[in-house]
1. I need a count of the residues in the stretch 455-480 that are touching a residue at least 40 places away in the same chain (Cβ under 8 Å) and open to solvent by 40 Å² or more (accessible area, probe 1.4 Å).
2. Select, from GLU307, GLU285, the only residue that is modelled with pLDDT of 95 or more, assigned to a helix (DSSP H, G or I) and open to solvent by 80 Å² or more (accessible area, probe 1.4 Å).
3. Name the residues in the stretch 1-25 that are free of Cβ contacts under 8 Å to residues at least 60 places away in the same chain and under 20 Å from GLY95 (Cα atoms), would you?
4. Hey, among the residues in the stretch 432-458 that are under 30 Å from the mean Cα position of the chain (by Cα) and among the aliphatic types (A, V, I, L, M), which one's farthest from ligand 2 (Cβ to nearest atom)?
5. Those residues that are open to solvent by 40 Å² or more (accessible area, probe 1.4 Å), in a loop (DSSP other than H, G, I, E, B) and touching a residue at least 24 places away in the same chain (Cβ under 8 Å), I need them from the stretch 80-120; list them, please.
6. If a residue has to be under 26 Å from VAL125 (Cα atoms) and either open to solvent by 20 Å² or more (accessible area, probe 1.4 Å) or not in a strand (DSSP E or B) (or both) to count, how many in the stretch 16-29 make the cut?
7. When you scan the stretch 438-448, how many residues do you find that are in contact with a Lys or Arg (Cβ under 9 Å, 6 or more places away or on another chain), touching a residue at least 60 places away in the same chain (Cβ under 8 Å) and outside any loop (DSSP other than H, G, I, E, B)?
8. Only one residue in GLU52, GLU76 is open to solvent by 40 Å² or more (accessible area, probe 1.4 Å), within 29 Å of ARG135 (Cβ to Cβ) and either over 36 Å from the mean Cα position of the chain (by Cα) or at pLDDT below 95 (or both), so which one is that?
Amino acid sequence: MKNTKIVEVLKTDPVLQEISVQGWVRAFRSNRFIALNDGSTINNIQAVVDFENTPQEILDEINIGAALHITGTLKESEGKGQKVEIAAKEITILGKANSDDVKKTILSPKRHSLEKLREQAHLRVRTNTFGAIMRVRAKLSFAVHQYFNENGFYYVNTPIITGSDAEGAGEMFRVTNFDLNNPAKDENGKVNFKEDFFGKETNLTVSGQLEAETYAMGLGQVYTFGPTFRAENSNTSRHLAEFWMIEPEVAFCDLDGNMDLAEDFIKYVLNYVLTHCDDDLAFLENRLIQEDKAKPEKDRAPMPLREKLKFITENNFKRVSYTEAIEILKNSKPNKKKKFDYLIEEWGADLQSEHERYLVEKHFKCPVILFDYPAQIKAFYMRLNEDGKTVRAMDVLFPGIGEMVGGSQREERLEVLQEKMKEFNIDEEELWWYLDTRRFGSCVHSGFGLGFERLVLFATGMSNIRDVIPFPRTPQNAEF
Ligand code: 4AD
Ligand code: MG
């Protein structure tokens, strides 16, 4: 008999029919009731064991974590909380799980902290919380491709190993082809760790933007969606050393078009999970409500998760220039102390996350797109405004997250770009190919980068970025 996914079984009308399922035991109560999950849904199917006719050696192996194959009759459930259940006729143990060993892991049936779960990242996907998060993540990622495909964008794969530092921030992991058996030596016979990618210095990409720009100049509208790496030793709940970034790049598009694209895109993907992940979002929402009960009123989420997502998809983001934002911040009393930890004294200062969060969470109470930043705090490739001191940059700031998106209209004028590179000490020879885009048919163009994990954080309501990527790479989580 063909096996049915549990998500389908749960939707089936319980006319008496034979059915078979496979999955992992989540619970086994009273030697009779198995809660089985196969990952297709947050919900388990209950299988009722006919223990008189089930051999003892099978009963002994129905442990939490074991993989089972169950054949039986699907019928209306007498128990509360489920419509259907399976009266098991035949149970096969596909993979055992020793109950004493299970007790030492996070599979054991008690509440484990998220920190504890992180230590066993290879098992945590078998918990309800991580099953839900990872299904939402997968759906979001599908929605990303669907959005761009529906809107005439081409998916391009930009290099992971690259010679360029797109952001000019120097936060790169170097790549070496260090051969243990035959290491390169310097003149003193010491091992030379600098021997790099076939003689060229390379690093893991921090952003696919510059390469994506070259493709936008031929295909018109492109996007990348791939892993990016930042060697920042920051231990925050918003930073990873390896994260996934979505980077659209559009020819003949200015900053206003770029802001429209970012807003439309984010609303689309959030709406997609609202309509395709209701069970998982309901679970995550309830989890947050329980968590909030232990918190003081002021720290609780202002809205339940799904309501929050709906609010975002139905309301306009607020667009504010950097200069306006600075005025607001200078005149604000953010907390009891009535001041920020880092005071904004003058125009030109970079905003800290406390300022960004104040603007979205307290002042505007909605996502904010800040634009026209001072040139000196932004990257070299951004389009200089006519005022000569601001650039056509934009950051999309989200409540509870801070910066979700960073992007800009790009400097399309060759001479201005060359001048800027000189100022930023960027060697023209390093980026000769990038400058070619400005030599041959240059045009107004724009793009942005959205940190995928920050989007998943927002969509799931989780609070630590390590909990929305299967295997977090941070200074503390380097195994796997
Ligand atoms: O603002 P960033 O550094 O912008 C760029 O890299 C541009 N080249 C993008 C472009 O215009 N194509 O990074 C973009 C986004 C940030 O807004 C943030 O969401 C995310 O990437 N991000 C990180 N996410 C997790 N961990 C980190 N260490 C991150 N650094 C940036
Ligand atoms: Mg940024």
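The values are calculated or read from the model by the stated rules, or taken from the named source; none is laboratory data. Keep in mind that what you see is a predicted model, and the values were worked out from it rather than measured. Here the Cβ is made from the backbone with ideal geometry for all residues, glycine too, and neighbour counts use every protein chain on show. Ligands, DNA and RNA are stripped out before the accessible areas are found, and what is left, the full protein with its side chains, is counted by its heavy atoms. Shrake-Rupley method; radii C 1.70, N 1.55, O 1.52, S 1.80 Å.
1. Here is the first cut: in the stretch 455-480, the residues touching a residue at least 40 places away in the same chain (Cβ under 8 Å) are 455-477, 480.
After this cut, where a residue has to be open to solvent by 40 Å² or more (accessible area, probe 1.4 Å) as well, the list is 463, 470-471, 473, 475-476, 480.
The total comes to 7.
2. On the way: GLU285 fails: open to solvent by 80 Å² or more (accessible area, probe 1.4 Å).
Selected residue: GLU307, the only one of GLU307, GLU285 that is modelled with pLDDT of 95 or more, assigned to a helix (DSSP H, G or I) and open to solvent by 80 Å² or more (accessible area, probe 1.4 Å).
3. Selection gives LYS2, THR4, LYS5, ILE6, SER20, GLY23.
4. Filtering the stretch 432-458 for residues under 30 Å from the mean Cα position of the chain (by Cα) gives 434, 444-458.
Right, trim to among the aliphatic types (A, V, I, L, M) and you get 444, 450, 455-457.
Details: VAL444: 21, LEU450: 11, LEU455: 15, VAL456: 18, LEU457: 16 Å.
Within the stretch 432-458, the match that is farthest from ligand 2 (Cβ to nearest atom) is VAL444.
5. Hits for the stretch 80-120 are GLN82, LYS83, LYS96, ASN98, PRO109.
6. 6
7. Count: 3.
8. Working: GLU52 fails: within 29 Å of ARG135 (Cβ to Cβ).
Residue meeting the stated conditions: GLU76.
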